[in-house]
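Report on one structure; see the data block that follows.
The values are calculated or read from the model by the stated rules, or taken from the named source; none is laboratory data. Note that the structure is a prediction, hence the values are computed from the model and not measured. Note that we place each Cβ from the backbone using ideal geometry, even for glycine, and neighbour counts take in every protein chain shown. The protein model used for the area step is the full one, side chains on, heavy atoms only, and it has no ligands, DNA or RNA in it. Shrake-Rupley method; radii C 1.70, N 1.55, O 1.52, S 1.80 Å.
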Amino acid sequence: MIIMGIESSCDDTSAAIIRDGEILSNVVASQKVHEEYGGVVPELASRAHQQNIIPVVDLAMKRAGIEREEISAVAFTRGPGLLGSLLVGTSFAKGFSLASKIPLIEVNHLQGHVLALFIKENGVEFNPPKFPFLCLLVSGGNSQIILVRNHLDMEVIGQTIDDAAGEAFDKCAKVMGLPYPGGPHVDRLAKEGDPHRFEFSRPRIPGLDYSFSGLKTNFLYFLRDNLKENENFVEENLADLCASLQHTIIEILLSKLKRAARETGVNEITVAGGVSANSGLRKALQNNAKKHRWNLIIPKFEYTMDNAAMIAITGYYKYLNKEFTGQDAVPFARTQL
Ligand code: KG4
């Protein structure tokens with residue numbers, strides 16, 4: 001069974017081909033156009049998707065060495081994401097399904113991030129998590145703890161009530177004058193800094209939910225106050241600011257994850273989403289795994305970011321379960337799992 005996946009929820013246009021759960025190709029075209037604005041501009045994103053989608057799909061088929069007639073179904077991201085961007089992928093997938101007379105399968109982007117852990121690669125040992133497992137999903141738009149009972153049965157047991165962890169990285173990076181997206185820059189600079197030099201506020205949110213907006217405001221005011229005394233405060237303390245900020249975000253993420261593991265009794269732990277590339281977070285997860293006897297599974301870097309391989313693998317499991325979508329499907333900007 002060959003599934004083509006299409007992902008266009010934010011600023012990456014991606015197409016992937018998967019045969020019986022094994023990846024044949026995964027092409028991602030990232031959009032550079034947003035860099036000068038310090039964030040994704042929705043209208044520019046949808047225009048860039050429109051330009052990229054056909055060449056990206058074409059390349060994915062060429063790299064996989066397959067013809068259109070061999071594809072069994074097309075899976076696409078229906079949401080959540082930017083409406084204009086989603087519309088491009090959704091319309092393309094519908095047209096492709098009609099023209100090729102193959103089924104259409106809608107995929108929830110968040111479910112895709114979780115199922116990225118199930119992508120098989122030729123010559124690489126397949127080591128997926130065992131059910132039930134917990135997935136810490138941390139990206140530019142989401143911070144959630146998901147209890148995964150099987151491929152298609154997932155429950156969000158904790159989530160952010162305001163900003164996502166990636167947003168906290170990016171917004172704080174922006175006020176320090178770092179380029180967008182700031183997360184990777186904070187990660188790089190934090191390696192040279194002291195994580196205990198500055199203390200930032202931590203939220204007091206009940207249960208397993210997260211909040212990052214208080215930290216963001218605290219960070220902003222902290223810089224503003226210090227810049228009044230010393231206009232070079234940021235440049236002179238950049239590494240320590242990044243290290244302390246990153247340390248705080250990781251502590252917030254880990255405190256609820258540990259609590260979730262304790263409360264559910266699940267010690268099979270995974271991570272997904274762009275922020276899972278963070279080296280400090282990976283180290284902290286590994287340390288906690290040793291301490292709490294977690295079986296920790298961290299997916300390959302390229303599958304943690306937005307990509308169509310995760311959409312195709314989710315499409316594969318939905319195909320097996322005969323979950324198909326009609327031509328009347330419209331994208332949705334916000335959705336739960
Ligand atoms: O999952 P993703 O590619 O897509 C969106 O949800 O948009 O995640 C992107 C997010 C951005 O906020 C980016 O700053 C963050 O992931 N990110 C990182 C790192 N790499 C990417 N944050 C911290 N450290 C990193 N190394």
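At a glance:
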{"read-out": "Segments classed as helices (runs of 4 or more DSSP H), wholly inside the range 178-278, with at least 3 members that are open to solvent by 60 Å² or more (accessible area, probe 1.4 Å)", "value": "213-229, 233-264"}
{"read-out": "Residue among G183, G177, G158 that alone is in contact (Cβ under 8 Å) with a residue 24 or more places away in the chain, under 22 Å from Y303 (Cα atoms) and touching a helix residue (DSSP H, G or I) at 6+ places or on another chain (Cβ under 7 Å)", "value": "G183"}
{"read-out": "Criterion: more than 16 Å from the ligand (Cβ to nearest atom) and either under 22 Å from G141 (Cα atoms) or touching a Lys or Arg at 6+ places or on another chain (Cβ under 9 Å) (or both) - qualifying residue of T304, T314, T325", "value": "T325"}
{"read-out": "The range 130-153, residues that are over 22 Å from H247 (Cβ atoms) and open to solvent by less than 30 Å² (accessible area, probe 1.4 Å)", "value": "F133, L134, C135, I146, L147, V148"}
{"read-out": "The range 163-177: number of residues that are open to solvent by less than 60 Å² (accessible area, probe 1.4 Å) and more than 8 Å from the ligand (Cβ to nearest atom)", "value": "4"}
{"read-out": "Members of the range 299-332 found to be open to solvent by 20 Å² or more (accessible area, probe 1.4 Å), closer than 25 Å to G158 by Cβ and touching a strand residue (DSSP E or B) at 6+ places or on another chain (Cβ under 6 Å), listed by number", "value": "D306, F332"}
{"read-out": "Looking only at the range 138-158, and only at residues there that are closer than 15 Å to P80 by Cα and not in a strand (DSSP E or B), the one that is farthest from the ligand (Cβ to nearest atom)", "value": "N142"}
